[in-house]
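Input: a single structure, listed below in structure tokens.
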Amino acid sequence: MLTVTRYHRAKNTFKKIFNHRWGFLFGKICETLQNHISKISCRKLRGVALPESIAVETCTQCNNNCSFCPQSSNPRPIEYLSEIHYQQLVDKIVDARFGGALLMSINNEPLLDSRLERFVSYARVRGFTGRIGMFTNGLLLSEERAISLLKAGVQYIIINSYSNSGDKIMGKVKEWIASSEKIKELNTQFPHVQIHLLYRCKDDVLDNRAGEAPNKKTVYCRRAACVFPFSMMNITTDGSLILCCYDFYCTTKFAHIGDGSLAELWRHHYLLRARNKLYEADRTELSLCAKCDFRGYTERPPGIFRFFPV
Ligand code: SF4
């Protein structure tokens, strides 16, 4: 049930050493290669009736201050998703027989929303049988909170434990997750649940998050396809749909959850146009993508994010 991995740390160290320091030619070769890999991912998902996953922000806050996240330098106003909009979303998910993953976070810290368990229970009571998961920094994840989330119907919790010190596990999660006895108990009580603990660095330099990462204020329009709008639907706190999870300030709102069925929203003309452009590796006409250096695909190391496209 519990996987502790150093995968991300190794990946980020590699990125730090090589990112943008390769020669121009080598950089271009890499970009071409990345475009091919992204295109393959996009092609597989082109024309599918529903997304692989739906991510929803039930609140906008975070209680951490990582250097790569816009939250640390220019946080968004505090907002909450209304229960009516959430229920509308779940009702559409159930009506569409959506069988993918429902992710209860995007760029926020989901545990700051005390309604989370109620939201998850509502999806289960309405008959959603797909996977429900979330990303958290674990600072507020006490053992009691973890159990109440699992009882409500959460199946996957990805804990990104951000630290700059030798102390790799931060916050309340530290109090229980290192105990093999506690883990054994949870394994017995919730045999089908997965909790992944990832060691992350608070001052990593990652992608430029479409020009908004405070520690990488670059504007670089990579010439590569991008799989996100082919695989994932993102819902913000006012019930609007945005292009992708890199849109921290929600500048690409193109529809509202009330505007149609799930399948209709997934075929929205804005998304179709964006997918066509991105499949052709043409990011220039999409205001957000034109500033984005994301390489266009996500890797799926064994055992991690096996069920999540992000
Ligand atoms: S290119 Fe960047 S901004 Fe555009 S969809 Fe992909 S991740 Fe989002």
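No value in this document is a laboratory result; all are computed from the given coordinates. Note that the coordinates shown come from a computational prediction; the quantities given were computed from them, not determined experimentally. FYI the Cβ positions are ideal-geometry reconstructions off the backbone, even for glycines, and counts take in every protein chain you see.
Ranked for footprinting exposure by Cβ neighbours inside 10 Å, fewest first, Arg273, Arg145 give Arg273, Arg145.
Arranged by the count of other C-beta atoms within 10 angstrom, fewest first, what order do Met134, Met170 take?
Least crowded to most crowded, the residues run Met170, Met134.
Quantify how much of the Cα-Cα distance distribution of the stretch 94-223 extends past 27 Å, in percent. Kindly include the intermediate steps, with their values, before the conclusion.
Values: 2500 of 8385 pairs.
When every Cα pair of the stretch 94-223 is considered, 30 percent fall beyond 27 Å.
Over the chain, dividing the summed -39,500 (n - 2.57) contributions of all DSSP H runs of at least 4 residues by the number of residues returns a 222 nm mean residue ellipticity of -9500 deg cm²/dmol. For Glu299 and Lys151, the difference between the fully extended length at 0.36 nm per residue and the C-alpha to C-alpha distance is 50.3 nm.
What are the equivalent ellipsoid semi-axes of the stretch 161-306, built from the alpha-carbon gyration tensor (square roots of five times its eigenvalues), in whole angstrom, biggest first?
Numbers: eigenvalues 230, 92, 41 Å².
Each semi-axis is the square root of five times an eigenvalue, giving 34, 21, 14 Å.
For a test of the definition: using alpha carbon positions, the gyration tensor, and the 1.5 limit on a/c, classify the chain as rounded, prolate or oblate.
Numbers: a/c = 1.64, a/b = 1.14, b/c = 1.44.
Taking the square roots of the gyration eigenvalues as a ≥ b ≥ c, the chain is oblate.
All other residues whose Cβ lies under 11 angstrom from that of Thr236 are scored, Lys and Arg at +1 and Asp and Glu at -1, for a net of -2. Within the stretch 47-143, the trypsin sites (Lys or Arg not before Pro) that combine a DSSP coil assignment with at most 13 other C-beta atoms in a 10 angstrom radius are Arg97, Arg126.
For the chain, hydrophobic long helices are taken as DSSP H runs at least 27 Å long by C-alpha position along their axis with mean Kyte-Doolittle hydropathy of -0.5 or more; these are 24-45.
Loop sites by DSSP among the GluC sites (Glu not before Pro) of the chain, restricted to those with at most 14 other Cβ atoms within 10 angstrom, leave 1-279 as the longest stretch without any of them.
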